[in-house]
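Encoded as structure tokens, the structure appears first; notes follow it.
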Amino acid sequence: METHVAWIDDVHVLTVIVNELSILLNTEEPPVIYWEAQEKYFLTKVEKVIADSTVRIIFLEELPIGENLDLLWGTAKIPIYPRAIVRTDWFDQHYANLNTTLGIDYDDSATTFSIWAPTATSVQVQLDNRCFSLNREDNGLWKIKIDGDWHGFTYDYQVIVNGQTKRLNDPYAKAMLANSEKSVIIDPAKTDLPNFNKQNRPTLQNLQDAIIYELHVRDATNQVDSGVVNRGKFLGLTETATTTKNGFSTALTYMKELGCTHVQLLPINDFARVDETSPNVSYNWGYDPLYFQVPEGSYSITPNDPVARINECKKMIQAFHQEDIAVILDVVYNHVFIMEESPFEKLVPGYYFRYHNDGSLSNGTGVGNDFATERAMARKFIVDTIDWWLNEYHVDGFRFDLMGAIDIETMNKIHERCQQETVPIMLLGEGWDLPTALASEKKATSMHANQLTNIKFFNDYFRDSLKGQLFNQHDTGYVNGQGRFIERLPHLISGTALEEFGAPFVAEVNQTINYVECHDNHTLWDRLLLSNDQDSELTRKKMHQLASGITLLSQGIPFIHAGQEWFRTKQGDENSYISGDWINQLDWRKREVENDNVEFIKTLITLRKKYNVFRLTSKQDIRRRLYIVDTPATVFGFTLLGDNEDFAIYINPTNTSYSLRLPSSAKWRIMANNNFTKNTAQQEVIGEFTSIDPYELVVFKKSREIK
């Protein structure tokens, strides 16, 4: 820390730190602030001695930001720099520049460089081993237009902030060299792909029709058994008709056959921890963001070719679109990898991150820093980044990591931008309430779902009710605890939005993301090995099937973790974010072995997509069409009444068989169940009496022809 410095901590407050404070306090003349460029003085008054070397000084006039200022006190000349002032409303009101385009604007005759750095006293761009000084404009903007065709050239910035000179890459960079070495200027036209446009996106009439499949780019195709050529890369997910050695479909073709409508990709923007030139040496999920508008280089076959890297990413998204699969990006706007090294902190120290009132750094995210999404230019950066991925990459949705650390207004601004698209854009996130330095009423948490009606929330109540409390690995829920929490089942299967079944988790049924497994924590299979270690492997598989089945048959949007449909394991690793390929990669051999279960999940997906009673869009419609039926003991049953057909669904989470009485006497066709032998032997029930086996899930459809 500086030992001879004055910090602007509020509009009329300086915090002065000097070693010789006692001497200065005895000086006859009061300290004055001097603005050398304008030869102007500002009168001040010592308000309070805070410590042996710290004093608070107040002044009446507002000080200019981004100018060389000094405090003249006796014989001392103390430099003045902005500190906590950048986190005041006053600062945003005077210096936010919301209507300008930041980054570079390329033309083959000239490139314009624009960067927001209101506290800087000098900004230069380093281009082609030459240095160009940017011009200061209004509201903290620095800008310069440099003649020439600069496509393919690298650049970075040199700024003087708080008396220190720092080098940094452009936070708005669209292309980079490998390992984020330098920003690169590109001609956007060189990344245009034939027939890759917004018009060729998949379209759903309603997002309630979505079925989400969560996937990590590298995990998807890294295993040799995937049959993919470009394993672990963007291009690996463009290859079609790939199979295992035994002819079972893999990768993109497999996902198409499975039937999910959306693939949710773990972060694909530039992230840390993986050497992009030797990516197999290390591994990362991607939640260590570096540059938010640049595709990750380790997923490219040519990481040092910025144009090729972008094109490969676009080809992957286009390939999903050609298979009628929409693409959701997992985005991390709650923190950066290392705050001190980020261009945000170098450009405007203290602005882009949250602090507590005592000046300490907020760390509600648990990763060292919290991005201050509520500040005007931080919010602008996020919305601009969303805009870039929509316009350039034509993605179809965004999943917000630790969304509860983002403010409500920012999330609603994101939705406003997404409404401009011709197809509905999926917005979902983790609505956990985190201890970040943001007022509780401003957080985008699930308890504020009524203020975020166009945002969807991961339903941890659904998850924990089915398999047990997440952070107690021996806890059990409905599927693995002999029917524990059966009283919650009406709430779960109706979308956890109906007041008559309990306290709503979300305001509307279209806001719940139902899941029992995701990339975080244990896979469901690994969890069952801990919570139900005394049960047989077959019993655990049945429990697993019940959980996945309830997820796919409940109102709301179902979410499946890639490989969940074949009992994916991570060898017991609870937090595999850097654990390597052996732990994380999809095991396509296991996909072969568990093909019966894959077909079971595929059947449920097909059923859900075919009949709209499984994806109702309003609480009123659910009340009209969904009814809980009488069942023995811990068996749970419900009916769905369609316009042309009725369904009865039963789940038995115990090791006991029970007799069932169906809702009416009719011809009931078995549409799906997880007793594969029974499913083959018995296709229908005539009348109203049948039975349910241990750990069985069965879906009946009633014919309109009564027997």
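Here is how the numbers come out for the structure above:
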| quantity | calculated |
| --- | --- |
| Meets criteria (farther than 22 Å from Lys346 by Cα and either crowded, with 18+ Cβ neighbours inside 10 Å or at pLDDT below 95 (or both)) for Ser109 | no |
| Hits in segment 533-563 (condition: within 18 Å of Asn597 (Cα to Cα), outside any helix (DSSP H, G or I) and without any contact (Cβ under 8 Å) to a residue 60 or more places away in the chain) | Ser536, Gly563 |
| Candidates Phe271, Phe292, Phe320, filtered to the one that is in contact (Cβ under 8 Å) with a residue 40 or more places away in the chain and either more than 21 Å from Leu427 (Cα to Cα) or among the small types (Gly, Ala, Ser) (or both) | Phe271 |
| The lone exception for Leu530 - which of (1) more than 17 Å from Phe636 (Cα to Cα); (2) open to solvent by less than 30 Å² (accessible area, probe 1.4 Å); (3) part of a helix (DSSP H, G or I) it fails | (2) |
| Every residue from segment 642-675 that is touching a Pro at 6+ places or on another chain (Cβ under 8 Å) and under 19 Å from Arg615 (Cα atoms) | Asp646, Ala648 |
| Filter result (among the polar types (S, T, N, Q), open to solvent by 10 Å² or more (accessible area, probe 1.4 Å) and more than 25 Å from Pro435 (Cα to Cα)) within segment 378-417 | Asn391 |
| Segment 639-677, subset among the aromatic types (Phe, Trp, Tyr) and within 16 Å of Leu604 (Cα to Cα), residue modelled with the lowest pLDDT | Phe676 |
| Matching residues, segment 267-290, being assigned to a loop (DSSP other than H, G, I, E, B) and hydrophobic (A, V, I, L, M, F, W, C) | Ile268, Ala272, Val274, Trp285 |
| Verdict on Ile605 being at pLDDT 95 or above, in a strand (DSSP E or B) and among the hydrophobic types (A, V, I, L, M, F, W, C) | no |
| Residues satisfying the stated conditions in segment 622-647, i.e. out of contact with any Lys or Arg (no Cβ under 7 Å at 6 or more places or on another chain) and among the aliphatic types (A, V, I, L, M) | Ile622, Leu626, Ile628, Val629, Ala633, Val635 |
| Count of residues meeting criterion [out of contact with any Leu (no Cβ under 7 Å at 6 or more places or on another chain), open to solvent by less than 80 Å² (accessible area, probe 1.4 Å) and part of a strand (DSSP E or B)] in segment 15-43 | 3 |
| Counted residues, segment 64-83 - those being modelled with pLDDT of 95 or more and buried (at least 18 other Cβ atoms within 10 Å of the Cβ) | 9 |
| Number of the condition not met by Arg375 [criteria: (1) over 26 Å from Cys313 (Cβ atoms); (2) open to solvent by less than 10 Å² (accessible area, probe 1.4 Å)] | (2) |
| Pair list, Cβ under 6 Å, 6 or more apart: segment 69-91 residue under 16 Å from Ile33 (Cα atoms), other residue part of a helix (DSSP H, G or I) | Trp73/Leu24; Gly74/Leu24 |
| Flag for Asn454 being at pLDDT 95 or above, polar (S, T, N, Q) and outside any loop (DSSP other than H, G, I, E, B) | no |
| So Leu98, is it within 20 Å of Asp170 (Cβ to Cβ), surrounded by fewer than 14 Cβ atoms within 10 Å (Cβ to Cβ) and at pLDDT 95 or above | yes |
| All positions within segment 343-361 that are part of a loop (DSSP other than H, G, I, E, B), among the hydroxyl-bearing types (Ser, Thr, Tyr) and either surrounded by fewer than 20 Cβ atoms within 10 Å (Cβ to Cβ) or free of Cβ contacts under 8 Å to residues at least 12 places away in the same chain (or both) | Ser360 |
| Flag if Ala503 is of a type in the set (A, V, I, L, M, F, W, C), out of contact with any strand residue (DSSP E or B) (no Cβ under 6 Å at 6 or more places or on another chain) and either assigned to a loop (DSSP other than H, G, I, E, B) or open to solvent by 40 Å² or more (accessible area, probe 1.4 Å) (or both) | yes |
| Selection count, segment 387-409, where residues are under 23 Å from Gln451 (Cβ atoms), part of a helix (DSSP H, G or I) and in contact (Cβ under 8 Å) with a residue 40 or more places away in the chain | 4 |
| Qualifying residue in segment 581-590 (condition: among the hydrophobic types (A, V, I, L, M, F, W, C), under 21 Å from the mean Cα position of the chain (by Cα) and open to solvent by 10 Å² or more (accessible area, probe 1.4 Å)) | no |
| Counted residues, segment 197-241 - those being buried (at least 19 other Cβ atoms within 10 Å of the Cβ) and more than 30 Å from Asp621 (Cα to Cα) | 22 |
| Those residues of segment 626-659 which are within 20 Å of Arg484 (Cα to Cα), open to solvent by less than 10 Å² (accessible area, probe 1.4 Å) and among the aliphatic types (A, V, I, L, M), in sequence order | Val635, Ile649, Ile651 |
| Within segment 418-450, considering residues that are of a type outside the set (Val, Ile, Thr), in contact with a Gly (Cβ under 6 Å, 6 or more places away or on another chain) and more than 19 Å from Phe381 (Cα to Cα), the one surrounded by the fewest Cβ atoms within 10 Å (Cβ to Cβ) | Pro435 |
| Unmet requirement for Leu586, which otherwise passes all of (1) within 21 Å of Asn480 (Cβ to Cβ); (2) in contact (Cβ under 8 Å) with a residue 40 or more places away in the chain; (3) of a type in the set (A, V, I, L, M, F, W, C) | (1) |
| Filter result for Tyr352 (modelled with pLDDT of 95 or more and out of contact with any strand residue (DSSP E or B) (no Cβ under 6 Å at 6 or more places or on another chain)) | yes |
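The values are calculated or read from the model by the stated rules, or taken from the named source; none is laboratory data. Please read all numbers here as calculations on a predicted model, not as lab measurements. Cβ sites come from the backbone with ideal geometry, for glycine too, and all protein chains shown count toward neighbours. All accessible areas refer to the heavy atoms of the entire protein, side chains included, with ligands and DNA or RNA removed. Shrake-Rupley method; radii C 1.70, N 1.55, O 1.52, S 1.80 Å.
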